[in-house]
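Report on the structure given below.
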Amino acid sequence: MKIKTSFSFQEALSFVSTKEIEQNASLLTTAYKNVINKTGKGNDFLGWLDLPDNMVSQMATLKRTALQLAAQSEVVVVVGIGGSYLGARAIVEMLNPYFSEFQKQHSPTLLFAGNHLSEEYLQDLIEVLQQKDYLVIVVSKSGTTTEPAIAFRILKEHCEKKYGKTEAAKRIVAITDSTKGALKKMATQKEFQTFVIPDNVGGRYSVLTPVGLLPVAVAGFDIEKILKGAADMKEYLYHFQDFSSNIALQYALLRFLFYQQNKKMELMVAYEPKLFYLIEWFKQLFGESEGKEHKGIFPTGALFTTDLHSLGQYIQEGERMLFETVISVENSHGKIAIPHDDDNLDELNYLIHRTIDNINHIAETGTRMAHVDGGVPNLKITIPAITEEIIGELIYFFEFTCAVSGYLLDVNPFDQPGVEAYKKNMFTLLGK
Ligand code: PA5
């Protein structure tokens, strides 16, 4: 039951008192029990809780399919939006080396489509696909979402023209509902290979289903280890049931206490740019889960030190409505030390023998101290390295925290009624 992820709220203690924590203990316990006993709002969408166990039986099929797909193509286009997109992208971006597109590849390159309505993007993508052997994984739980549906129609047409209809059907995999939706209907009719998103798992909690696992496996990563990490985190979170020992409960309650102090924005920060899409995934998970009934913390994100040169001023001295959560990676793969320079014209010789990673960590400590001094409470999630197992832990940790956080706010963390509003207007304007 040993997890590798840790959580610290040391730098938040000057903003919340032990009394406040104690006063909310029973509220927290109720929220926690509602999650693990599946008795809270939206409890028909709690299937994600059991995915680390339930997905084990699908591992062999997913891995076999991934190998077949990878052998067939240089490029795999993953079509999807929101929860049908961000999880896979987050994992692949975290695990791939930087500049992977310029390195010798053993696995196909993943490209993404259907996550916006840019015509120019699709046009350029098709020009690339013209030159490459490719296949398409189309992901949509409802099977009716406009952005991926449009992209898929264009790509299907291209694929059929390039390879012929019979071969194209073999180059398309659908991940969708077991029975409902236009994509399911099309997949059945056209005999696309199909994987199912379980009924009791909502889009943004679906990364540990084929939605996230198939593309990640195609990209050459070990999905069994991801699931193992999630299973370890599950075991830990179910075993330790109170604030003093459970890191998801600590994180959820502190967020809630900050919210009550009018700190209504959470800035998720990483000092490693490859976590960019993890932050995007976090924003979607928490934003869609908590932001309803005119309540909820606004989740946002930043990459430091880059954004210290843009948002840094605001964070330090702007309106005091923020708290910050830092995802700190203890060890990077790189080992570049600052070299000695006889001329020292750049005046950097005081840094010789430090690695860049060491300087990055010192920047992290210095920034945290400054932000806490400036009135921004800081939480810290630490991971020893970026690996499949640890990513599995993080996913389950965030999902669990999000569910508890939703219940603390007394909202249903598993629906998203507000997402419909823009669609209604768009459909009316388009004359649907
Ligand atoms: O979390 C959610 O439910 C949403 O973000 C969906 O994932 C997103 O809207 C895409 O939906 P679908 O998979 O039905 O195309």
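Quick one: in segment 332-356, of everything that is within 27 Å of the chain's Cα centre (by Cα) and surrounded by 12 or more Cβ atoms within 10 Å (Cβ to Cβ), which residue is modelled with the highest pLDDT?
That would be I356.
Tell me which helices (runs of 4 or more DSSP H) are completely within segment 322-432 and hold 1 or more residues being within 16 Å of the ligand (Cβ to nearest atom), or say none if there are none. Write out each step before concluding.
Values: elements: 356-373, 388-408, 420-430.
Answer list for segment 322-432: 388-408, 420-430.
Restricting the search to segment 281-301, which residues are surrounded by 19 or more Cβ atoms within 10 Å (Cβ to Cβ) and away from the ligand (no atom under 12 Å from the Cβ)?
F282, E290, G296, I297, P299, G301
Within segment 112-168, track down each residue that is surrounded by fewer than 18 Cβ atoms within 10 Å (Cβ to Cβ) and closer than 19 Å to Q68 by Cα.
Within segment 112-168, K132, D133, Y163, T166, E167 qualify.
Are any residues in segment 224-241 of a type outside the set (A, V, I, L, M) and in contact (Cβ under 8 Å) with a residue 12 or more places away in the chain, and if so, which ones?
At the first step, the residues of segment 224-241 found to be of a type outside the set (A, V, I, L, M) are 224-225, 228-229, 232, 234-236, 238-241.
Listed by number, the residues that qualify are E224, K225, K228, G229, D232, K234, E235, Y236, Y238, H239, Q241.
Would you check which residues across segment 209-239 are within 16 Å of the ligand (Cβ to nearest atom) and either out of contact with any Pro (no Cβ under 7 Å at 6 or more places or on another chain) or modelled with pLDDT under 95 (or both) and list them? Full working, then the answer.
Taking segment 209-239 as the starting set, the residues that turn out to be within 16 Å of the ligand (Cβ to nearest atom) are 209-215.
Listed by number, the residues that qualify are P210, V211, G212, L213, L214, P215.
If I go through segment 98-155 residue by residue, how many of them are touching a Lys or Arg at 6+ places or on another chain (Cβ under 9 Å) and assigned to a helix (DSSP H, G or I)?
3
Go over the candidates Y134, Y163 one by one and state the one that is more than 16 Å from the ligand (Cβ to nearest atom) and in contact (Cβ under 8 Å) with a residue 24 or more places away in the chain. Please lay out each step first, then the result.
On the way: Y163 fails: in contact (Cβ under 8 Å) with a residue 24 or more places away in the chain.
Matching residue, one of Y134, Y163: Y134.
May I ask you to list the residues in segment 67-90 that are more than 16 Å from the ligand (Cβ to nearest atom) and either among the polar types (S, T, N, Q) or closer than 25 Å to L122 by Cβ (or both)?
Let us first name the residues in segment 67-90 that are more than 16 Å from the ligand (Cβ to nearest atom), namely 67-76.
Of everything in segment 67-90, those that are more than 16 Å from the ligand (Cβ to nearest atom) and either among the polar types (S, T, N, Q) or closer than 25 Å to L122 by Cβ (or both) turn out to be Q68, L69, A70, Q72, S73, E74, V75, V76.
Can you confirm whether L214 is outside the structural domain of E399 (by TED's automatic domain parsing), within 23 Å of A71 (Cα to Cα) and assigned to a strand (DSSP E or B)?
On the way: outside the structural domain of E399 (by TED's automatic domain parsing): yes; within 23 Å of A71 (Cα to Cα): yes; assigned to a strand (DSSP E or B): no.
So L214 fails the test.
Looking only at segment 195-224, how many residues end up being closer than 16 Å to E93 by Cβ and small (G, A, S)?
Within segment 195-224, residues that are closer than 16 Å to E93 by Cβ and small (G, A, S) number 4.
For segment 26-66, which positions are of a type in the set (S, T, Y), assigned to a helix (DSSP H, G or I) and either out of contact with any strand residue (DSSP E or B) (no Cβ under 8 Å at 6 or more places or on another chain) or within 17 Å of Y396 (Cα to Cα) (or both)? Spell out the reasoning first.
In the first step, residues of segment 26-66 are kept if they are of a type in the set (S, T, Y); the result is 26, 29-30, 32, 39, 57, 61, 65.
This time we only want the ones that are assigned to a helix (DSSP H, G or I), so: 26, 29-30, 32, 57, 61, 65.
Passing the criteria: S26, T29, T30, Y32, S57, T61.
The values are calculated or read from the model by the stated rules, or taken from the named source; none is laboratory data. Because the structure is predicted, anything quoted here is derived from the model rather than measured. Note that each Cβ is placed from the backbone with ideal geometry, even for glycine, and that neighbours are counted across all protein chains shown.
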